[in-house]
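Read the structure below first, then the notes.
The values are calculated or read from the model by the stated rules, or taken from the named source; none is laboratory data. Quantities reported herein were computed from a predicted structural model and do not represent experimental measurements. Methodologically, a virtual Cβ is constructed for each residue, glycine included, from the backbone with ideal geometry; neighbour enumeration extends over all protein chains shown. Accessible surface is based on the protein model in full, side chains and every heavy atom, while ligands, DNA and RNA are left aside. Shrake-Rupley method; radii C 1.70, N 1.55, O 1.52, S 1.80 Å.
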Amino acid sequence: MRAIRLIVLVSAGFLAGFLVFYYFTRDLPSLTTLRDYNPNLVTTVYSDDNRIIGEFYVERRVVVPLNSVPRDLIHAFLAAEDARFFKHEGISYMGILRALYKNLMAGKIVQGGSTITQQVAKSFFLSSERTLSRKMREAILAYRMEQSLSKEEILNLYLNQIYFGNGAYGVQSASENYFGKDVSRLTTAEGALLAGLPKAPSKYSPYAHPELARKRQEFILSRMLEEGFITKDEYVLALNAEIKFKHKKTDALWVGPYFTEHVRRHLEEKYGADALYKSGLKVYTTLNVEMQKAANDALRQGLTEYDRRRGFRGPVLSLKTKEELEQFIADADRRFASEPIEQGHAYRAVVGSVDRRDGSLTVMLGKKNGVVEATQMEWARLYNPTKDPDGGRPADLRKILRPGDVVDVDVISIPKREDAPLILSLTQESEAEASFVAMETFTGYVKAMTGGSDFSKTQFNRATQALRQPGSAFKPIIYASALDKNYTPATIVVDSPLVFEEELKEDKWKPRNYDEQFNGPITVRDALAKSRNIVTIKILKDIGVEHAIGYARLLGIKEPLAPDLSLALGSSATTLLEMTGAFATFANLGQRPEPIFIRMVTDREGNVLEEAAPALTPVLSPQTSYIMTSLLQGVVERGTGMRARALGRPAAGKTGTTNNLNDAWFIGYVPGMAAGAWLGYDSEARLGQGETGARAALPIWLKFMKEYVEGKPVRGFEMPDGIEFAKIDPDTGLLAGPTTEDPVFEVFKPGTAPTQVSTSTETKTGSNEFLLIDSDSAPVRPKKKNQVEEDID
């Protein structure tokens with residue numbers, strides 16, 4: 001009987017044990033995923049020379065092999081987390097007993113006693129809840145891991161998986177985030193600090209709690225000494241070593257945020273969010289870092305120059321109390337502690353005093369003093385606190401700025417002496433916006449793109465997403481379509497008033513030129529160079545609106561286009577990227593390049609997921625395209641784009657300004673590179689008197705192109721076969737005669753040059769063959785030959 005009871009009890013014990021074991025192990029995951037370790041990785045975006053320009057991730061993790069991790073860093077982790085790691089089988093019974101004692105003393109769970117193996121099990125398979133059930137499952141998984149993986153494999157998983165705070169996962173990412181270096185270069189002191197972070201990343205953050213981080217580091221160094229991982233001398237050296245914290249800086253990272261965001265949207269749409277943020281894609285783009293920097297600088301300068309022409313709006317805000325002032329300075333000091341003041345950057349500063357004698361300004365950037373000389377704020381003498389861009393009035397800054405006012409300043413130079421004041425200039429954030437895009441004409445590779453003044457404030461890309469009227473920048477498309485309908489650069493059209501009764505379903509439409517004057521009979525070349533509206537409308541009326549729209553489609557304009565004569569004035573909205581692509585087609589002798597942003601995408605194993613080769617579509621004849629380039633060179637040489645002559649080499653382009661001065665454009669090209677610039681307000685407010693494409697947008701293009709061509713040999717535009725030249729009379733469009741004054745060589749397709757010779761008695765209208773006069777034209781008010789206002793459109 002006693003034996004039976006014993007058997008029953010033993011059986012019941014085995015059964016209970018089996019049920020308990022089954023309860024805790026019934027749904028434990030398989031360990032096969034650990035052997036095929038595929039953690040969340042960073043998707044990295046590269047420039048055309050393979051510099052990192054962007055990263056997308058959920059967890060910023062860069063996986064490194066164990067042999068790249070310094071021995072002292074490994075020992076620091078062992079000392080901090082699990083000194084007997086290489087001796088136990090996944091569970092430390094002494095650690096469990098020690099944790100049990102502390103938990104009983106505290107009356108709650110305050111310590112887990114987990115080994116590194118248990119931490120790996122929890123990180124990969126379990127939640128962080130503090131329950132007995134979870135601890136039991138953790139222990140079982142840890143034991144199983146020890147049976148199937150080597151200690152080195154477990155340690156490798158641990159070091160690459162754990163979170164270090166500040167967005168860093170794994171030792172490599174942590175080393176970059178905190179010390180700006182590769183993990184293989186960490187010192188003993190730095191390794192001890194990193195090893196202290198996983199226990200409580202926020203609590204021991206050296207940025208948020210430097211004193212706690214330092215104490216934690218000292219504790220780990222002492223544990224390393226106790227365990228014999230370092231000698232006494234090494235301990236002392238590490239304890240006294242100076243540690244400098246800095247983020248790893250990549251000079252190209254986020255150099256083109258609008259470009260990178262454009263790429264991100266494509267990747268997410270094509271591959272999905274999980275692949276984008278977790279799978280470690282490698283994305284090789286067309287962006288050129290130096291060109292992008294040049295585009296950024298050009299856009300910033302163009303906006304600054306425009307904004308200063310409209311006047312100083314006054315201080316950003318005024319600090320009324322001592323408490324507000326102290327708080328503002330303290331906040332600035334905190335920012336400058338992690339991101340030091342840099343030359344060429346703009347910051348907000350507090351006015352300290354205004355010198356009544358020399359007009360200089362003393363300001364404070366945090367507790368750092370700075371000086372703005374009077375010469376660095378002369379532009380601000382035009383004071384304009386109104387919303388009207390033309391509402392400025394002369395004013396004395398000494399009467400406008402007071403101590404406690406907050407203003408924006410640019411750092412011109414930082415003196416070497418710590419106590420010397422910063423040299424600054426007064427600036428202000430532009431309320432206008434701008435965009436810029438540069439495209440390689442023979443490949444379609446987009447080399448630079450800036451979609452606005454500040455990506456951190458708005459991610460709306462004005463180069464690809466904003467639909468704006470191009471104004472006169474659209475005229476080359478009309479002229480290109482006319483060249484294939486028997487027009488030539490020497491064709492004469494009369495620049496005279498027009499009135500249309502029902503053209504736009506209104507009572508009357510009376511288009512006018514920008515300067516409200518008329519040139520009379522004028523060649524197509526001069527009409528485009530001087531951007532004559534009336535001439536363009538007459539040409540469009542003659543060739544047909546549908547014909548011109550067809551050419552716009554060939555040139556890559558995809559947006560809806562107005563099926564009426566207002567198309568001649570660029571009334572239909574389109575994007576800067578599309579317009580730049582159209583001009584690139586002229587430059588590429590009629591081969592339209594498809595804009596390309598991504599050259600190749602690979603997965604984490606290096607398998608190619610997509611690859612893009614230049615895609616060129618023949619849409620215009622080489623002869624038509626070359627003649628258009630010649631006409632657009634005329635715009636630069638003696639037309640509305642004359643400012644571009646400062647480039648000092650062959651260039652072609654066209655300005656654009658809308659009727660109400662809402663938009664300013666310039667799109668142009670040199671051999672091999674086309675670029676477009678736009679400036680305006682998101683609200684479509686007026687830019688102000690005189691703010692045309694030539695004045696507001698062309699300088700952005702010019703500054704970029706100057707940097708692009710620097711050091712490159714001067715090249716002319718390639719001329720195709722099937723081009724002829726003839727000497728003509730620019731007043732009549734006829735062949736030059738012996739008495740013609742100032743004859744010029746003009747370019748033609750074979751058989752299209754005029755055959756009639758101009759004589760001294762020839763009227764300016766020439767022959768009817770090249771004459772287009774509207775029957776309702778009013779009397780003409782001619783201007784002198786070749787006279788052009790620099791800023792007209």
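Residue pairs whose Cβ atoms lie under 8 Å apart, sitting 6 or more positions apart in sequence or on different chains, and linking a residue in the range 242-266 that is under 11 Å from Ile52 (Cβ atoms) to a partner that is part of a helix (DSSP H, G or I) and at pLDDT below 90, are Lys248/Asn177. The set of residues in the range 187-204 that are open to solvent by 10 Å² or more (accessible area, probe 1.4 Å), of a type in the set (Gly, Ala, Ser) and touching a residue at least 40 places away in the same chain (Cβ under 8 Å) is empty.
For the range 357-384, filtered to residues that are of a type outside the set (S, T, N, Q) and surrounded by fewer than 15 Cβ atoms within 10 Å (Cβ to Cβ), the residue that is farthest from the chain's Cα centre (by Cα) is Arg357.
Quick check, is Glu324 more than 30 Å from Leu401 (Cβ to Cβ) and surrounded by fewer than 19 Cβ atoms within 10 Å (Cβ to Cβ)?
Working: more than 30 Å from Leu401 (Cβ to Cβ): no; surrounded by fewer than 19 Cβ atoms within 10 Å (Cβ to Cβ): yes.
Criteria not met by Glu324.
Across the range 235-254, not a single residue is classified as touching a His at 6+ places or on another chain (Cβ under 9 Å) and open to solvent by less than 80 Å² (accessible area, probe 1.4 Å). Out of the residues in the range 164-180 meeting the condition of being touching a helix residue (DSSP H, G or I) at 6+ places or on another chain (Cβ under 6 Å) and not β-branched (Val, Ile, Thr), tell me which one is modelled with the lowest pLDDT. So, considering only residues that are touching a helix residue (DSSP H, G or I) at 6+ places or on another chain (Cβ under 6 Å) and not β-branched (Val, Ile, Thr), the one modelled with the lowest pLDDT is Asn166. Listed by first and then second residue, the pairs linking a residue in the range 422-433 that is in contact (Cβ under 8 Å) with a residue 60 or more places away in the chain and within 17 Å of Arg381 (Cβ to Cβ) to a residue that is of a type in the set (Gly, Ala, Ser) and crowded, with 21+ Cβ neighbours inside 10 Å, with Cβ atoms under 7 Å apart and 6 or more places separating them unless they lie on different chains, are Leu426/Ala380. Number of residues in the range 685-724 that are part of a loop (DSSP other than H, G, I, E, B), more than 15 Å from Gly471 (Cβ to Cβ) and either in contact with a Cys (Cβ under 8 Å, 6 or more places away or on another chain) or among the hydroxyl-bearing types (Ser, Thr, Tyr) (or both) equals 0.
Conditions tested, residue by residue: (1) under 30 Å from Thr732 (Cβ atoms); (2) open to solvent by 30 Å² or more (accessible area, probe 1.4 Å); (3) polar (S, T, N, Q).
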{"position": "Ala395", "(1), (2), (3)": "no, no, no"}
{"position": "Asp410", "(1), (2), (3)": "no, yes, no"}
{"position": "Ile414", "(1), (2), (3)": "no, yes, no"}
{"position": "Asp419", "(1), (2), (3)": "no, yes, no"}
{"position": "Glu431", "(1), (2), (3)": "no, yes, no"}
{"position": "Tyr445", "(1), (2), (3)": "no, yes, no"}
{"position": "Ala466", "(1), (2), (3)": "no, no, no"}
{"position": "Phe474", "(1), (2), (3)": "yes, no, no"}
{"position": "Thr491", "(1), (2), (3)": "yes, no, yes"}
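The set of residues from the range 649-670 being modelled with pLDDT of 95 or more, over 19 Å from Glu440 (Cα atoms) and out of contact with any Phe, Trp or Tyr (no Cβ under 9 Å at 6 or more places or on another chain) is empty.
Among the residues making up the range 730-752, those that are at pLDDT below 95 and of a type in the set (D, E, K, R) are Asp731, Glu741, Asp742. With the condition kept exactly as written, say whether any residue in the range 641-655 is assigned to a strand (DSSP E or B) and of a type in the set (Gly, Ala, Ser). The answer is yes, given that some residue of the range 641-655 is assigned to a strand (DSSP E or B) and of a type in the set (Gly, Ala, Ser). Of the residues examined, Gln161 is one that is under 24 Å from Glu55 (Cα atoms), modelled with pLDDT under 90 and open to solvent by less than 40 Å² (accessible area, probe 1.4 Å). Could you pull out the residue among Arg310, Arg356 that is of a type outside the set (A, V, I, L, M, F, W, C), touching a helix residue (DSSP H, G or I) at 6+ places or on another chain (Cβ under 7 Å) and over 18 Å from Asp410 (Cα atoms)? Just one listed residue meets the conditions, Arg356. Considering each residue of the range 286-309 in turn, none proves to be in a strand (DSSP E or B) and either open to solvent by less than 30 Å² (accessible area, probe 1.4 Å) or free of Cβ contacts under 8 Å to residues at least 40 places away in the same chain (or both).
If you go through the range 659-677 and keep only what is open to solvent by 10 Å² or more (accessible area, probe 1.4 Å) and closer than 23 Å to Tyr306 by Cβ, you end up with Asn659, Asn660, Leu661, Asn662. Only strands (runs of 3 or more DSSP E) whose full extent lies in the range 513-632 are considered here, and the ones with at least 2 residues that are of a type in the set (Val, Ile, Thr) are 520-523, 598-602.
Would you kindly identify the helices (runs of 4 or more DSSP H) lying entirely within the range 212-279 that contain at least 2 residues that are among the aromatic types (Phe, Trp, Tyr)? Steps first, answer last, please.
Details: elements: 232-240, 257-271, 273-278.
Correct list: 257-271.
Being at pLDDT 95 or above and in contact with a His (Cβ under 8 Å, 6 or more places away or on another chain) is true for just one of Val363, Val371, Val411, Val407. Which residue is that?
Details: Val363 fails: in contact with a His (Cβ under 8 Å, 6 or more places away or on another chain); Val371 fails: in contact with a His (Cβ under 8 Å, 6 or more places away or on another chain); Val407 fails: in contact with a His (Cβ under 8 Å, 6 or more places away or on another chain).
Unique residue meeting the criteria: Val411.
Working only within the range 723-753, note down all residues that are at positive phi and open to solvent by 30 Å² or more (accessible area, probe 1.4 Å). Can you show your working first?
First, the residues of the range 723-753 that are at positive phi: 733, 742, 751.
Once the filter is applied, which keeps residues that are at positive phi and open to solvent by 30 Å² or more (accessible area, probe 1.4 Å), the range 723-753 yields Asp742, Gly751.
So which of Ser150, Ser184 ends up being open to solvent by 40 Å² or more (accessible area, probe 1.4 Å), in contact with a helix residue (DSSP H, G or I) (Cβ under 6 Å, 6 or more places away or on another chain) and modelled with pLDDT of 70 or more? Break it down stepwise before answering.
Details: Ser150 fails: in contact with a helix residue (DSSP H, G or I) (Cβ under 6 Å, 6 or more places away or on another chain).
The conditions single out Ser184.
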